[in-house]
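Worksheet: the structure to be examined is printed underneath.
Bear in mind that the values in this text are calculations on the coordinates, not laboratory data. Nothing here was measured: the structure is a model prediction, and the numbers come from that model. A quick note on method: Cβ atoms are made from the backbone with ideal geometry, for glycine too, and the neighbour counts reach across all protein chains shown.
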Amino acid sequence: MAVRKIVVLGSTGSIGTQTLDIIERLGQERASVVGLVAWRDSELLKEQARRWGLPSERVVSVEREGSEAMTRLAVLDEADTVVMAVAGAAGLAATLAACKAGKRVCIATKEVLVAAGELVTQAAKDGGAALLPIDSEHSALFQCLAGYDYSLIDKLHITASGGPFRTWEKERIASATVDEALNHPTWRMGGKITIDSATLMNKGLEIIEACWLYGVGEDKVEVVVHPQSIIHSFVELRDGALLAQLGLPDMRLPIQIALLHPEKVDTGIPRLSPTQMRDLTFEAPDHERFPAITLARQAFRTGGTAPAILNAANEAAVGAFLEGKLRFGQLATAVEGALGSIPVTDADTLEKITLADASARRFVREHF
Ligand SMILES: NC(=O)c1ccc[n+]([C@@H]2O[C@H](COP(=O)([O-])OP(=O)(O)OC[C@H]3O[C@@H](n4cnc5c(N)ncnc54)[C@H](OP(=O)(O)O)[C@@H]3O)[C@@H](O)[C@H]2O)c1
């Protein structure tokens, strides 16, 4: 097995720290860290840099050095693998650069594929890059599809925990507090994705992510609520065979799969035993109480910059909610408003996507 030389973008976050845990477990004969990027020049970033013995030019604080410095590390000659785990579309230019440079791009940041799926997948093709999903649902789909041509897909069924408000009435959801929304029942994650899990926008974004990764239309991607988060997704093939991938709700396995595929190593992370599985339940999502999935489907069908508008409006609205400037019930309204107001253009250049992204953020700032 060749030693993977890895740059971690978003190294201080939930996915970033779990990635470093896996690299540590793999040991220096299998993996090493050659670059780290975070937003702030925090104690944690400094400690990570010390642990991996990195010189200052291999450690980037985007707040201090700007996003060009992140792109510089995304194309580092010494690196063969880039883990994209920055929260939000801020990682787009770096992802495109890593794809064009032909890296193994392990992608947790679904927002990048939502905002610019066509550009990113094309850049990966042009650069000869492997694009490997870290999102647990897409990792499950990837594993179930191993060896099959994607044209054999009949349906992709993405599972959702349903979030903390799965059983709440609509009126109560509308006035949920930040603490209630951050109290995810099964996963411990960064703030933005945890709020997206509470609105189910996370599933809307994941539908679009799956469309780009597996080359299917949104009508082929279903969402099924599965509160236990044990089955991470299903693939239904043309002949009716239904394949599933199961595991504990622990992101370290999908991270390891993306880093090593197709190699398999025991790194001692906890395993699911069949006897632990009791009462696995499934239900359809309620689109009346959780309108975000419908908005995401509409944006994908509209095409062009509509998904970038959806994503940026959602990022801005979630940020405002976390700052106490907007009510939970207004999250979907803000996204719907941006989609209805901002003109959609082609999404064939980074500039057009950046423009649409900025307009959507401005819309939310000015109206909410
Ligand atoms: N957490 C999960 O279990 C999970 C599962 C599936 C997919 N994902 C996806 O993975 C991505 C990361 O999620 P997370 O939960 O790990 O988020 P997180 O805990 O909030 O971490 C975000 C990371 O990105 C950095 N960052 C934020 N803004 C940045 C910017 N403008 N430029 C450079 N770095 C920036 C942060 O640095 P600072 O610490 O300095 O602020 C931190 O290192 C998201 O797209 C999410 O949807 C996460």
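Here are the numbers for this structure:
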quantity: Distant-in-sequence amide H partners of residue 347 (H built 1.01 Å from N, under 5 Å); calculated: 304, 305
quantity: Whole-Hz couplings from phi, Karplus 6.51/-1.76/1.60, listed for region 175-180; x for Gly and Pro; calculated: 10, 4, 8, 4, 4, 5
quantity: Estimated 222 nm signal from helices in the chain, with DSSP H stretches of n ≥ 4 weighted -39500 (n - 2.57), rounded to 500; calculated: -13500 deg cm²/dmol
quantity: DSSP loop GluC sites (Glu not before Pro) with at most 11 other Cβ within 10 Å: longest gap in the chain; calculated: 170-287
quantity: Whole-Hz couplings from phi, Karplus 6.51/-1.76/1.60, listed for region 284-293; x for Gly and Pro; calculated: 6, x, 9, 6, 6, 7, 10, x, 5, 5
quantity: Sequence-distant lysines (8 or more away, or on other chains) whose Cα lies within less than 19 Å of residue 46; calculated: none
quantity: DSSP bridge pairs, the chain: antiparallel proportion in percent, nearest 5; calculated: 30
quantity: Which of 287, 232 has the fewest Cβ neighbours within 10 Å, and the rest in rising order; calculated: 287, 232
quantity: Cβ-based net charge around residue 210, under 11 Å, with every Lys or Arg adding one and every Asp or Glu removing one; calculated: -2
quantity: Shape of region 251-305, Cα gyration tensor, a/c cut at 1.5; calculated: oblate
quantity: Residue 221 long-range amide H proximity, modeled H, under 5 Å; calculated: 156
quantity: Sequence-separation-based contact order of region 4-133, relative, with Cα cut under 8 Å and 6+ spacing, percent; calculated: 24
quantity: Cα-based shape type of the chain, given that a ≥ b ≥ c are square roots of the gyration tensor eigenvalues and the cut on a/c is 1.5; calculated: rounded
quantity: Whether region 274-368 is rounded, prolate or oblate, judged on the alpha carbon gyration tensor where a/c under 1.5 counts as rounded; calculated: prolate
quantity: Efficiency of FRET between residue 286 and residue 261 - r from beta-carbon atoms, R0 30 angstrom, step 0.05; calculated: 0.25
quantity: Fluctuation leader among 280, 20, 113 - the chain, Gaussian network, Cα springs under 10 angstrom; calculated: 280
quantity: Fewest-first sequence of 39, 168 by Cβ atoms within 10 Å of each Cβ; calculated: 168, 39
quantity: Within-14-Å neighbourhood charge of residue 153 [Cβ basis; K, R +1; D, E -1]; calculated: -4
quantity: Centre separation in Å (Cα based) which lies between region 1-42 and region 207-236; calculated: 28
quantity: Cβ-based exposure ranking for 120, 86, 62, in which fewest neighbours within 10 Å come first; calculated: 62, 120, 86
